[in-house]
Amino acid sequence: MSSDLRTLGVADLSRALAAGATSSVEVTRALLKAQEDQRHLGAFLSSDPERALAAAARADALRAAGQAGPLTGVPIAHKDIFVTHHATSGLPSTAGSKMLAGYASPFDATVVARLGEGQAGMVTLGKLNCDEFAMGSANENSAFGPVRNPWDLQRVSGGSSGGSAAAVAAGIVPAATGTDTGGSIRQPASFTGITGIKPTYGVCSRYGMIAFASSLDQAGPMARSAEDCAMLLSAMSGFDPRDATSAERPPQDYVALMHRPREGASASRPLQGLRIGLPKEFFPPVLASEVGQAVRAALSVLESLGATLVDVSLPRTELSIPVYYIIAPAEASSNLGRFDGVKFGHRAPEYTDLMDMYKKTRSQGFGPEVKRRIMIGTYVLSHGYYDAYYVQAQKLRRMIADDFQACFQRCDVIAGPVAPTVAWKLGGQGDDPVKAYLADIFTLPASLAGLPGMSVPAGLADTGEGGAMPVGLQLIGNYFDEATLLQTAHALQQATDFHRRTPPGQASLGA
């Protein structure tokens, strides 16, 4: 089994550990070696191998004593937007920024605690690279360098959860946590050929998640399959009284819900009766032809499994870009005001007075994209512009949410591409931030509405350069209907092998 450890997903590893075919220590050793072998990807920002192996040994002891759960001993890594208790993990929490370089958190984020020892029992392998304060679509905005796509080292991994996506795709970890503010789980999952789900806003606690835009940020799992994501989301979900935005719902068993048979379904047609809406706005002329072909092919598979395709419309899709890039920077401007060098984080080494310290600290600590969004956000919240920009954006946000509800009168799931293109070349959009913002057009609407959405591998697209890059199919559900998304994705993955395809060279990796 050792030669396959890097290609096993969460569910596969859980079964292997339960059967005694391998041990958590053996798996952890193999993945720590993979992490060392693939440092060139830039996926990891920190790790503590000694602590990880000790945690794996404790997990093996629990299994031997018959006290293990399904995730006990399965390795995971966390996006470095979640704080981790430094005293117990040895891992800093940086949000990909110089502003927090080396910051030692005194507590764990709720998501980290629920997945870790004492609860689900997963083994933490380290913290993963991300765009600074989760601001970006390419993971090129990290203060610690970009993350490279394991499918093509000259291309981006997507952002802001690019480190999480690249680590899973490259076989360094079977799963990782991510956050999605405007598509930051779904887009990197699409670009790297893995599965990722952003649940309904409030399903996963935001406590301990370093804030970017508080009304949009949501945690979610990134892994190889829908089954893997269902297992992780089951452990991550549930009400948290420490988070004012947490939905007052108990944890859900998404694995059981995913496998619940549909009325009238059969083994050959498990999606019988499912209505999949196809918004015409998600298939514009600017959509890359190879992306459209892959998405249409995946939709044909879903149709063969019993689903019915229905044409729908989300008429305010294009407005989601200006709406998002007013609301998100406005909230970022407020949230990042705390990083002033007084209580924690970077402080300018030389300054003349308090105001000079503020200015120099923030100038030195924040990168260009973060400064850009802070300035935009401060502007739209300023006197004379608040009503003209921010208030109008919030009104349009409500209309975008209403458009979705009109669609859900005619369908159960909405589907389309995750992004207009495959992953672009590193530096390809560095001098044109607006072009990067436009790449989020298909993911932003669901984020603004607070709806659950996921990316499911839908095949490979020829880049015209002698290689192929992954394409993701986006599925969007109604509020708290993650189960239907996972069920749809699982049915597709039972009928195809898109999610099992690996970057060139990965399949030959051994432990």
The condition from (1) touching a residue at least 60 places away in the same chain (Cβ under 8 Å); (2) part of a helix (DSSP H, G or I); (3) at negative phi that Ala165 misses is numbered (1)
Out of everything in segment 60-88 that is β-branched (Val, Ile, Thr) and not in a loop (DSSP other than H, G, I, E, B), what residue ends up being surrounded by the most Cβ atoms within 10 Å (Cβ to Cβ)? Ile76
Does any residue of segment 451-467 turn out to be modelled with pLDDT of 95 or more and more than 24 Å from Val301 (Cα to Cα)? yes
Those residues of segment 89-133 which are among the charged types (D, E, K, R), closer than 24 Å to Leu233 by Cα and outside any loop (DSSP other than H, G, I, E, B) amount to Arg114, Lys127
Given the criteria in contact with a Gly (Cβ under 6 Å, 6 or more places away or on another chain), part of a loop (DSSP other than H, G, I, E, B) and at pLDDT below 95, does Gly264 qualify? yes
For segment 190-207, pairs from a residue that is at positive phi to a residue that is crowded, with 24+ Cβ neighbours inside 10 Å, with Cβ under 6 Å and 6 or more apart or across chains, are Gly193/Ala169; Gly193/Pro457; Gly193/Pro470
Among the numbered criteria (1) in contact (Cβ under 8 Å) with a residue 60 or more places away in the chain; (2) part of a loop (DSSP other than H, G, I, E, B); (3) out of contact with any Asp or Glu (no Cβ under 7 Å at 6 or more places or on another chain); (4) not small (Gly, Ala, Ser), which one does Thr317 miss? (3)
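When only residues in segment 89-128 that are on the phi > 0 side of the Ramachandran plot and in contact (Cβ under 8 Å) with a residue 40 or more places away in the chain count, which is surrounded by the most Cβ atoms within 10 Å (Cβ to Cβ)? Walk me through it before giving the result.
The first filter runs over segment 89-128 and keeps only residues on the phi > 0 side of the Ramachandran plot, leaving 90, 95-96, 102, 118, 121, 126.
In the following step, the residues that additionally are in contact (Cβ under 8 Å) with a residue 40 or more places away in the chain were identified as 90, 95-96, 121, 126.
Values: Gly90: 18, Ala95: 31, Gly96: 35, Gly121: 23, Gly126: 30.
Checked segment 89-128; the qualifying residue surrounded by the most Cβ atoms within 10 Å (Cβ to Cβ) is Gly96.
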Would you confirm whether any residue within segment 273-290 is in contact (Cβ under 8 Å) with a residue 40 or more places away in the chain, part of a loop (DSSP other than H, G, I, E, B), more than 19 Å from Leu473 (Cβ to Cβ) and not polar (S, T, N, Q)? no
When every residue in segment 266-311 that is in contact with a helix residue (DSSP H, G or I) (Cβ under 6 Å, 6 or more places away or on another chain) and not hydrophobic (A, V, I, L, M, F, W, C) is compared, the one farthest from Ser455 (Cα to Cα) is Pro270
Against the condition over 23 Å from Phe498 (Cβ atoms) and part of a loop (DSSP other than H, G, I, E, B), how does Thr28 come out, does it pass? no
Residues of segment 360-391 being without any contact (Cβ under 8 Å) to a residue 24 or more places away in the chain and over 26 Å from Asn139 (Cα atoms), which ones? Ser382, His383, Gly384, Tyr385, Tyr386, Asp387, Ala388, Val391
If you go through segment 430-456 one residue at a time, how many are in a helix (DSSP H, G or I), in contact (Cβ under 8 Å) with a residue 24 or more places away in the chain and of a type outside the set (S, T, N, Q)? 9
Here is a check on your reading of the model: is Ala175 among the aliphatic types (A, V, I, L, M), crowded, with 21+ Cβ neighbours inside 10 Å, closer than 30 Å to Asp462 by Cα and in contact with a Pro (Cβ under 7 Å, 6 or more places away or on another chain)? yes
Yes or no: Thr308 closer than 25 Å to Val434 by Cβ, of a type in the set (S, T, N, Q) and either surrounded by 15 or more Cβ atoms within 10 Å (Cβ to Cβ) or modelled with pLDDT of 95 or more (or both)? no
Restricting to segment 451-485, name every residue that is crowded, with 24+ Cβ neighbours inside 10 Å and of a type in the set (S, T, N, Q). Ser455, Gln474
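Over 23 Å from Pro322 (Cα atoms) and either modelled with pLDDT under 95 or surrounded by 24 or more Cβ atoms within 10 Å (Cβ to Cβ) (or both), is that true of Thr488? Break it down into steps so the answer makes sense when it comes.
Numbers: over 23 Å from Pro322 (Cα atoms): yes; either modelled with pLDDT under 95 or surrounded by 24 or more Cβ atoms within 10 Å (Cβ to Cβ) (or both): yes.
So Thr488 passes the test.
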Restricting segment 13-59 to residues that are free of Cβ contacts under 8 Å to residues at least 40 places away in the same chain and surrounded by 18 or more Cβ atoms within 10 Å (Cβ to Cβ), the residue that is farthest from the chain's Cα centre (by Cα): Thr22
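The values are calculated or read from the model by the stated rules, or taken from the named source; none is laboratory data. Quick caveat, the model's predicted, so the values are computed rather than measured. Every residue, glycine as well, gets a Cβ built from its backbone with ideal geometry; the counts of neighbours run over all protein chains shown.
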